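The structure appears right after this line, and notes come after that.
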Amino acid sequence: MNDLIINKGTVQAHLQVAEGVDKQEFRRFIFEAQYIDLKEILCDTFYFDLVGNYADDKYETLLSGGVYTYEGDTYHFEGLEKVLSYFTYGRFLVESPIQSTSFGVTRKNAEDSERVSLRELEALGQKHYDRALTVFKGVEQFLDRNTEIYTLWKNVTCETNIETKIELWG
């Protein structure tokens, strides 16, 4: 998990994650979002180049987003950090209240709070997954318009279905 391209602070810059959430535990959600969700939409060749070289100048704009010109028009896109933040947050929302203990799997409970139902958590998780895909459309457009810089983008065919939904057993 040393090759994560974002951290908890990155997600906090875009979405609400409490300071008290353990950074090490949160890394698991980032890892899953990056290795499962992001890898699926970027495909192996481009994904592994990005993860191995994310500090390179050519990936700075791709990660943070920005403004670019294409065929005389100016465009703005959000960047992969935001995409990955939404994927991570969707996973975090669904699983964060669930803890494995020596007595079995439990859910956190606070005295002065009302617990959000599993159905509501799943809906919120799916909502953030869908937002990630929506933001990715702008990233994809940026990549498609800059293939001379991102030569590994769509260099090989990638069998993927980015309309995949988060499914939980239950």
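Taken together, the values in this text are just the output of simple stated rules run on the coordinates, not laboratory data. Bear in mind that the values here come from a model prediction, so they are computed numbers and not experimental data. As a convention, Cβ positions derive from the backbone with ideal geometry for all residues, glycine included, and neighbour counts pool all protein chains shown.
Roughly speaking, what is the stretch gain from Arg115 to Asn7, that is 0.36 nm per residue apart minus the C-alpha to C-alpha distance, in nm to one decimal? Kindly include the intermediate steps, with their values, before the conclusion.
Values: separation 108, 0.36 × 108 = 38.88 nm, distance 2.71 nm.
Fully extending the segment from Arg115 to Asn7 adds 36.2 nm.
All Cα-Cα separations within region 1-75 were binned at 5 Å from zero, giving a P(r) of 3, 13, 21, 22, 18, 13, 6, 3, 1, 0, each value a whole percent of the pairs. Taking packing as the residue-averaged number of other Cβ atoms within 10 angstrom, the listed peptides 142-150, 42-50 run from highest to lowest as 42-50, 142-150. Sequence-ordered 3J(HN,Hα) estimates for region 74-79 from the Karplus curve with 6.51, -1.76 and 1.60 and θ = phi - 60° stand at 9, 10, 10, 9, 7, x Hz, glycine and proline given as x.
How big is the Cα convex hull of region 34-87 in projection, averaged over all directions, in nm²?
Numbers: hull surface 16.6 nm².
Convex hull of Cα atoms, orientation-averaged projection: 4.1 nm².
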